[in-house]
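Below is one structure, written out as structure tokens; comments come after it.
The values are calculated or read from the model by the stated rules, or taken from the named source; none is laboratory data. Just so we're clear, the structure is a prediction, and the values are computed from it rather than from any experiment. Heads up, the Cβs are rebuilt from the backbone with ideal geometry, glycines too, and the neighbour counts pull from every protein chain shown. Just so you know, the surface numbers come from the protein's heavy atoms only, side chains and all, with ligands and any DNA or RNA stripped out. Shrake-Rupley method; radii C 1.70, N 1.55, O 1.52, S 1.80 Å.
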Amino acid sequence: MYIRPATRSDIEVIAQFQVLMAKETEDLELCPDTVLRGVAALFDSPSKGEYLIAELDDEVIGCLMLLPEWSDWRCGTVLWIHSVYVHPKARRKGVYRSLYAQVRERVEASAELRGIRLYVDERNKSAQKTYESLGMNGDHYKLYEWLKG
């Protein structure tokens, strides 16, 4: 398995994965064209964030998005993990573990980066078990949101 930064050539597969993930985890039907534009927009503004890709035999089998958040409390940046997806045929084979390890190594090696956060739908028990097995916990905060539309 190979973990690498995503490139523009990955935009379509990332968008496809996001549509599948929303349906699978939250039973949401996303507009594929909107998601495609949203994924492409991140490549147009790299300071907003980035995607990491997991590949096996030259096939994309997983991805995640990293978004930086400035923390005044920690005087540094916390990386938020978003948009995690692992293709069903590649699950339970360490794909997310490998993606997460890459992010954690980056944080540990950086003087500016302070930590990693993510949110997970409370119904997604499988993902929660995965995150807990990597030493993450959901004890500290509860996420609230308001979304237009």
- Message: Pairs needed: first member in region 95-118, free of Cβ contacts under 8 Å to residues at least 40 places away in the same chain; second member anywhere, open to solvent by 40 Å² or more (accessible area, probe 1.4 Å); C-beta distance under 7 Å; at least 6 residues apart or different chains.
- Response: L113/R106; I116/R104; L118/W80
- Task: Sort out which residues of region 39-58 are open to solvent by 30 Å² or more (accessible area, probe 1.4 Å) and either within 14 Å of the chain's Cα centre (by Cα) or polar (S, T, N, Q) (or both), and write them in order of number.
- Result: S45, S47, K48, E50
- Item | region 8-33: number of residues that are touching a residue at least 12 places away in the same chain (Cβ under 8 Å) and part of a loop (DSSP other than H, G, I, E, B) | 1
- What are the pairs, 6+ residues apart or on separate chains, where a residue within region 83-94 that is free of Cβ contacts under 8 Å to residues at least 60 places away in the same chain has its Cβ under 6 Å from a residue that is open to solvent by less than 30 Å² (accessible area, probe 1.4 Å) and part of a helix (DSSP H, G or I)? V86/V95; V86/Y96
- Message: I'm trying to understand the selection: among the residues of region 59-82, which are open to solvent by 80 Å² or more (accessible area, probe 1.4 Å) and touching a Pro at 6+ places or on another chain (Cβ under 9 Å)?
- Response: none
- Query: If you take the residues of region 93-148 that are in contact with a helix residue (DSSP H, G or I) (Cβ under 6 Å, 6 or more places away or on another chain) and more than 19 Å from L52 (Cα to Cα), which of them is surrounded by the most Cβ atoms within 10 Å (Cβ to Cβ)?
  - Reply: N124
